Amino acid sequence: MEERPPIIRIFHVYKRFGSHTVLTDISVDIAANDFLFVTGPSGAGKTTLLKLMYLGESISEGQILVDGMNLTRMKRDRIAFLRRKFGIIFQDYNLIPTKNVFDNIALVLEVMGQSKRSQIVKKVNSVLRAVGMEKQADAFPPSLSGGEQQKVTIARAIAGDPKIILADEPTGSLDEDSAEDIINLLKLLHSRGVTVIIATHDKELISSIKNARELRLSHGHVLELPH
Amino acid sequence: MGMYWSYPINMMNRLFLKRAVDDLKDNVLLNMITFITIAMSVLIISTFALFMINAGNVIHSWEKGVRIIVYIKNNVQLVEIDNLKNDIQQMEGVADIKFVSKQDGLERLKKQMQGQLSLLENLADNPLPDTLEVWVAPKYKTWKQIEMMAIHIESSHLVEDVEYGQNWMKRFTGFLNLFKVTGGLMGAVFFLAVIFIIANTIRLLFYSKSDEIKIMRLVGATDSFTTAPFYIEGLIMGGVGGIAGILILYLAYVLLITNIDLNFVSFYFTIKFLPFIISLAIILFSMLTGWIGCYISLKQLLKN
């Protein structure tokens with residue numbers, strides 16, 4: 001099998017909040033088009049590790065390289081460009097409640113400098129169709145169910161055609177049908193060459209993806225490196 | 001500022017302007033308070049400017065008609081007066097000079113006092129001195145130069161006194177200088193107050209949008225992308241406040257000139273409104289103040 005180059009490299013990374021160490025000496029390479037689960041019990045540091053990858057939190061020690069960008073030495077004004085490499089599916093959705101579904105997704109394209117309204121409309125409609133939410137384009141997030149909001153978050157995450165999808169407990173608060181829809185979407189993205197990294201403790205989700213790798217964390221330490 | 005200039009101009013205009021206008025509409029009360037404060041500050045500053053410009057016109061109209069009256073001492077021979085006249089005529093800045101004898105002066109006075117001639121008829125002697133009337137060349141008609149000429153003329157032993165409206169002028173320019181200093185200080189205070197109020201308004205708007213800004217950043221928005229609408233809001237608030245201030249002043253000006261005795265005023269000078277270029281400069285300055293307030297506020301907020 002052809003060896004794929006790493007898209008994310010994590011070297012001896014520590015994360016501390018005051019005197020409390022959340023992550024201890026994490027080192028792992030994530031190859032392009034990997035499907036990686038970051039697993040472990042609550043408080044293991046899964047979400048924090050994901051946040052470090054897009055500098056949602058600063059790195060206390062060690063180095064992370066994302067697609068050739070060194071996060072440790074990254075200047076503040078470059079962080080926006082780092083984040084455009086990711087499509088992030090947040091556990092708490094992070095949708096803007098005062099913007100409708102369409103505008104929430106269009107925001108990603110506007111941020112990236114897409115100037116043509118027709119292109120924005122085309123792209124937003126296309127990702128809404130992909131997640132089965134095209135009829136709710138005018139709805140505002142507070143009027144949607146958890147599953148629907150999660151689908152909008154996924155639509156927003158894929159709108160910018162990112163190289164990497166980061167998902168934090170994407171099925172955590174969903175019913176079975178919605179969870180299955182979302183797993184299928186993530187599989188589809190992976191099949192199209194996207195690197196998918198999911199933080200979860202959902203065993204069903206983990207077992208539903210064949211050939212996925214798993215990084216197991218416990219109390220901020222790596223228990224088992226992915227094979 | 002940086003990166004948002006890399007966004008296409010048409011998109012910037014549409015998107016940022018829309019977001020700025022939406023923000024202004026969403027926070028009507030807060031923006032109204034800021035707008036009124038800016039308008040009042042601009043009104044006060046431009047009132048000072050209006051007064052200064054018209055006071056300048058008063059001085060200018062005085063300078064246009066100024067002449068130096070030289071009062072000759074008693075019992076000076078005509079030959080000596082003629083020599084003095086020649087000396088003065090050769091001074092730099094003298095356009096014309098005319099001798100008015102005490103008899104001519106009395107005749108002139110009689111003409112001016114027709115109807116009250118009995119006052120003059122009872123005089124035993126002519127109390128008026130011989131005088132020389134000196135007209136100053138147009139390019140020398142400034143207060144300083146006229147004063148210099150007058151001092152020089154007064155130094156002659158034949159001259160009793162000179163008169164060129166100096167006492168009135170000294171009082172007027174003294175008052176004007178005091179007004180200039182007061183206006184300058186008040187302008188500075190209002191400038192700082194407006195900056196502070198705009199900075200505070202922008203801070204409140206920023207806090208009210210902090211969740212949205214956080215999400216924008218998470219999906220890859222630069223600082224410039226998130227802050228550009230606030231700068232537009234600062235410019236709009238400054239601009240609209242500035243225009244309102246100038247309009248209120250204009251209304252007050254129209255009310256004033258339609259309600260005062262124009263015959264009396266126009267005898268001396270005409271009250272003029274601020275020239276267009278000055279009004280425009282005040283509005284642009286108000287916009288700049290809006291931008292500065294925004295800059296100070298956002299610089300501090302983005303640090304955190």
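The values are calculated or read from the model by the stated rules, or taken from the named source; none is laboratory data. These numbers were taken from a predicted model, which means no experiment stands behind them. In this analysis, Cβ positions are derived from the backbone assuming ideal geometry, glycine residues included, and neighbour counts consider all displayed protein chains.
Computed quantities for the displayed model
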| quantity | calculated |
| --- | --- |
| Filter result for A:Ala167 (crowded, with 16+ Cβ neighbours inside 10 Å, among the hydrophobic types (A, V, I, L, M, F, W, C), within 13 Å of chain B (Cβ to nearest Cβ) and on the phi < 0 side of the Ramachandran plot) | no |
| Selection from region B:29-82 of residues that are surrounded by fewer than 17 Cβ atoms within 10 Å (Cβ to Cβ) and of a type in the set (Gly, Ala, Ser) | B:Gly56, B:Ser61, B:Gly65 |
| Matching helices (runs of 4 or more DSSP H) fully within region A:1-120 where at least 3 residues are surrounded by 17 or more Cβ atoms within 10 Å (Cβ to Cβ) and more than 14 Å from chain B (Cβ to nearest Cβ) | A:46-53 |
| Residues satisfying the stated conditions in region A:42-64, i.e. within 14 Å of A:His12 (Cα to Cα) and touching a Leu at 6+ places or on another chain (Cβ under 7 Å) | A:Leu49, A:Met53, A:Ile59, A:Ile64 |
| Answer residue from region B:183-234, given it is without any contact (Cβ under 8 Å) to a residue 12 or more places away in the chain and hydroxyl-bearing (Ser, Thr, Tyr) and is nearest to the other protein chains (Cβ to nearest Cβ) among those | B:Ser210 |
| Among the candidates A:Leu189, A:Leu205, A:Leu223, residue that is touching a strand residue (DSSP E or B) at 6+ places or on another chain (Cβ under 9 Å) and not in a helix (DSSP H, G or I) | A:Leu223 |
| Total residues in region A:130-171, condition within 20 Å of A:His190 (Cα to Cα) and either outside any loop (DSSP other than H, G, I, E, B) or touching a residue at least 12 places away in the same chain (Cβ under 8 Å) (or both) | 24 |
| Test: B:Leu280 is of a type outside the set (Ser, Thr, Tyr), within 34 Å of the chain's Cα centre (by Cα), assigned to a helix (DSSP H, G or I) and farther than 30 Å from A:Asp161 by Cβ | yes |
| Test set (1) in contact with an Asp or Glu (Cβ under 9 Å, 6 or more places away or on another chain); (2) within 20 Å of B:Gly93 (Cα to Cα); (3) not β-branched (Val, Ile, Thr) - B:His152 fails condition number | (1) |
| Residue among B:Leu251, B:Leu235 that is surrounded by 15 or more Cβ atoms within 10 Å (Cβ to Cβ) and in a helix (DSSP H, G or I) | B:Leu235 |
| Residues of region B:95-141 classified as touching a residue at least 40 places away in the same chain (Cβ under 8 Å), touching a Gly at 6+ places or on another chain (Cβ under 7 Å) and crowded, with 16+ Cβ neighbours inside 10 Å, total | 3 |
| Residue in region B:124-137 that is in contact with a helix residue (DSSP H, G or I) (Cβ under 8 Å, 6 or more places away or on another chain) and in a helix (DSSP H, G or I) present | no |
| Residue, nearest to A:Asp202 (Cα to Cα), within region A:55-91, restricted to residues that are touching a residue at least 60 places away in the same chain (Cβ under 8 Å) and of a type outside the set (Val, Ile, Thr) | A:Gln91 |
| Flag for B:Asp82 being out of contact with any helix residue (DSSP H, G or I) (no Cβ under 6 Å at 6 or more places or on another chain) and farther than 29 Å from B:Phe175 by Cβ | yes |
| Residues within region B:60-86 that are in a loop (DSSP other than H, G, I, E, B), at pLDDT 85 or above and aliphatic (A, V, I, L, M), tallied | 1 |
